[in-house]
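This is the structure I have questions about; it appears just below.
No value in this document is a laboratory result; all are computed from the given coordinates. This structure is a prediction, so every number in the text was calculated from the model and none was measured. All Cβ positions, even for glycine, are placed from backbone atoms using ideal geometry, and neighbour counts span all protein chains on display.
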Amino acid sequence: MDMELIVPNKLAEITLKQYQKFLKIQEANDDAQFIKCKMVEIFCNIDAATVMKLKLSDTDKIINIINKTFESKPSLTKTFKLGNTEYGFIPKLDDITLGEYVDLDTYIGNWEKMHIAMNVLYRPIKDKIGEKYTIKPYNAAADELPLNEIPLDIVFGAIFFFYNLGIELSQIMMNSLETGEGEQHLIYKQILAENGGGTNQSMHCSLMGILQDLKISLN
């Protein structure tokens, strides 16, 4: 059949909401053909009846394109616009509050609630001068905010950022056994400054689990 079909070939063309919907279906079903149908339906924004009318060869090409898209390793996005609102990544992670810390640590490993983790990390910008900005206070009522519409490249970029930062901090702690406590403290502060602040090392296992679920290689 002749029809115009938009196939995402960049993570920026897929929303967190779409990915959450797909994962929920994938976890509840083990029928490979049904999952393929849902992949095309969700990520190409067409109904299931239309998917079933596509040529098998075309469907396979679409799925290959989408799967290739998920192999991307985006870098951290510091600011982005969603609708008319500009959001900014927490400018200084070592100033994170207890409430932010608890929600981030709880939801960074839960795809169903990943929008809450994103709501901790990215918030509306209040004031901006050049590349410097301030953000609004954290609002725990994340379901009232539209961050499940955040592009998936921003989500993956944040996950990779914390995973890589966790590796760096772990390496520093191992090196500290040889360099001594005083030098360790100095190096630790240096890494925090270079990466925008401290983070919770217990996120490492959660983030590793996310990457395994995504079948993403860090090499």
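Can you compute 3J(HN,Hα) from phi for each residue in region 149-160, using the Karplus curve 6.51 cos²θ - 1.76 cosθ + 1.60 with θ = phi - 60°, rounded to whole Hz and x for Gly and Pro?
The phi angles translate into 8, 5, x, 5, 5, 5, 5, 4, x, 5, 5, 4 Hz.
Kindly provide the GluC sites (Glu not before Pro) of region 48-143 that DSSP labels as loop, not H, G, I, E or B, and whose Cβ sees at most 16 other Cβ atoms within 10 Å. Display every interim value, and only then the final one.
Details: sites: Glu71, Glu86, Glu100, Glu112, Glu131; in loops: Glu71, Glu131.
Sites meeting the loop and neighbour criteria: Glu71, Glu131.
Something else about it: Give me Val51, Val120, Val40 sorted ascending by neighbouring Cβ count inside 10 Å, so fewest comes first. It would help to have the intermediate numbers written out before the result.
On the way: Val51 19, Val120 26, Val40 22.
Neighbour counts put them in this order, fewest first: Val51, Val40, Val120.
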